[in-house]
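The values are calculated or read from the model by the stated rules, or taken from the named source; none is laboratory data. All figures in this text were calculated on a predicted structure; none of them were measured in a lab. Cβ coordinates were reconstructed from backbone atoms using ideal geometry, including for glycine residues, and neighbour counts include every protein chain displayed.
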Amino acid sequence: MSKLYAANTQTPEVCVDGDETTKKELGGGSFTVQPGDTLWGIAQATYGNGAWWEEIQRQNAARGRGADQLLIGERLTLPVIDVDAPPAEHAAGGQTPASGGERRVTDFGTFEVYPDRFIGPLPQSAEGVQVVTETTFAEREQAALSVEYSPEVEWMDEDTVEGCVVITIAGEQVAVHNKAEAQHAQWILHTLRDTYGVSVDSEAGREALWAAYDDVFMEELLKVQTTEWEYKELVAIERAFTHFAPLLGANRELSTAAGEDQGLTTLSKLGLSISGDDEDGYASDNTLGQYFQSAETVALYEAGEEYDRQLGDNMRQLEGTAIHEIAHALLWNDAPRFEQEMPFWKINQQNPKERPKDAEAPPTRYGRKSPREDLSESVMFYFMDPLTLRTRCPERYAWIDALVMSWSDRECAQ
Ligand SMILES: [Zn+2]
């Protein structure tokens, strides 16, 4: 049973009032509610009889909510009363059973939620689970969803990352320098989810990768784990998504892609990638990002944190890498037409190495790998360096330009 504040609690006194009934003056002081408590149990502990629970309820009726509602941690005032045998109806009332709790896993924690009005036992809180009542839960949810910095951002060890603090937002680890960054990172995660229909969920990426490389030795797969986001990555990713806004979330139903699967619903951050799906596959640090089509997941890798060789600086590169991967996902169904319409991919069946003469080449070496990589690289340049793409690859620029213009122009497209 819980801590009883003994300061004013009176030692039971026995007095005789002339009848055969023995009366005790009990109570006073206060009582802090703990998991497992009930009003009945508190009355039992403090007055020697659970049937006096209504006295405690009445004394604490001015708490601004249902008087029979207990909140863990709240301090109840114990009235001083003369105790004798309680009326029978009190006993019945005191045994009202607790309503069952409901576990809610949210992006700001796992909660065992209990209805507000109950006098039954609160459960002992389990590890990793917070026991709250409906009212508290609603307040927490409101706070977590608000754009304002809220205490739901959990601050961890200050020295986890050099110069940074690693915090948890929506279950994801994010390295930030200050609270302004924390607040912005939180806003980004909620925007990605609410506006673009993409949840940031690194664990989903790890699972997708493990599933995709099922011929690789477990020893290597185990080297691939989730890792914390850097604040700058989230900023770059949010910018990357804005380019595709007409195809995402609620907007999608107004676009040419209406009715088609979005193809990208989760985003993850992993440390290492895997080199290939065979027994020689190994954990590698040379991949910037990857799209797992069947899992509708894009993974971004730690290698991207410093890389800047394609687009000149790291922030632009991070945005470009994200655009490349998002393009794989959202333009998946456009890639076959791109392949058909780009002369570079009209491969001579007799001599596959021979390319059509004078065919416009992909904007990067990496784009020569396949039509899909060509498309993703071209889309990256279209948004990040359109002048270069228009000068060097005018056919690709025109092709992508027509596609992008069509997204939010369904009436004209049909
Ligand atoms: Zn790619």
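Worth pointing out:
- Residues within the stretch 324-355 that are in the same structural domain as V198 (by TED's automatic domain parsing) and over 30 Å from R239 (Cβ atoms), tallied: 0
- Residues located in the stretch 282-299, provided they are within 12 Å of the ligand (Cβ to nearest atom) and among the aliphatic types (A, V, I, L, M): L288, V298, A299
- Residues that are part of a helix (DSSP H, G or I) and touching a helix residue (DSSP H, G or I) at 6+ places or on another chain (Cβ under 9 Å) occur in the stretch 254-264; there is at least one.
- Within the stretch 207-242, the residues that satisfy the criterion of being over 21 Å from M315 (Cα atoms) and either surrounded by 21 or more Cβ atoms within 10 Å (Cβ to Cβ) or free of Cβ contacts under 8 Å to residues at least 24 places away in the same chain (or both) are A208, L209, W210, V216, M218, E219, L222, V224.
- Any pair with Cβ under 6 angstrom, 6 or more apart, that starts in the stretch 295-312 at a residue that is buried (at least 16 other Cβ atoms within 10 Å of the Cβ) and ends at one that is basic (K, R): L300/K269
- Among the residues examined, M315 qualifies as in contact (Cβ under 8 Å) with a residue 60 or more places away in the chain, assigned to a helix (DSSP H, G or I) and more than 16 Å from the ligand (Cβ to nearest atom).
- In the stretch 269-281, the residues that are in contact with a strand residue (DSSP E or B) (Cβ under 8 Å, 6 or more places away or on another chain) and either within 16 Å of the ligand (Cβ to nearest atom) or part of a loop (DSSP other than H, G, I, E, B) (or both): L270, G271, L272, S273, I274, S275, G281
- Residues located in the stretch 262-290, provided they are in contact (Cβ under 8 Å) with a residue 12 or more places away in the chain, charged (D, E, K, R) and loosely packed, with under 14 Cβ neighbours inside 10 Å: D277, D278, E279, D285
- Top-ranked residue of the stretch 370-379 - restricted to ones that are in a helix (DSSP H, G or I) and more than 8 Å from the ligand (Cβ to nearest atom), ranked as nearest to the chain's Cα centre (by Cα): V379
- Boolean, L331 is closer than 22 Å to N251 by Cβ and either among the aliphatic types (A, V, I, L, M) or without any contact (Cβ under 8 Å) to a residue 40 or more places away in the chain (or both): yes
- Filter result (under 17 Å from A398 (Cβ atoms) and touching a Lys or Arg at 6+ places or on another chain (Cβ under 9 Å)) within the stretch 346-359: A359
- Restricting A204, A180 to those that are out of contact with any helix residue (DSSP H, G or I) (no Cβ under 9 Å at 6 or more places or on another chain) and at pLDDT below 90 reduces the list to A180.
- Boolean, A329 is of a type in the set (A, V, I, L, M, F, W, C), part of a loop (DSSP other than H, G, I, E, B) and either closer than 16 Å to A208 by Cα or out of contact with any Phe, Trp or Tyr (no Cβ under 7 Å at 6 or more places or on another chain) (or both): no
- Filter pass, K353 being within 13 Å of the ligand (Cβ to nearest atom) and at pLDDT below 95: no
- Number of the condition not met by T364 [criteria: (1) assigned to a loop (DSSP other than H, G, I, E, B); (2) more than 15 Å from the ligand (Cβ to nearest atom); (3) not assigned by TED's automatic domain parsing to the domain that holds G197]: (2)
- Any pair with Cβ under 9 angstrom, 6 or more apart, that starts in the stretch 365-383 at a residue that is in contact (Cβ under 8 Å) with a residue 40 or more places away in the chain and ends at one that is outside any helix (DSSP H, G or I) and charged (D, E, K, R): L375/D334
- Subset of the stretch 183-206 (residues that are among the small types (G, A, S) and surrounded by fewer than 21 Cβ atoms within 10 Å (Cβ to Cβ)): G197, S199, A204
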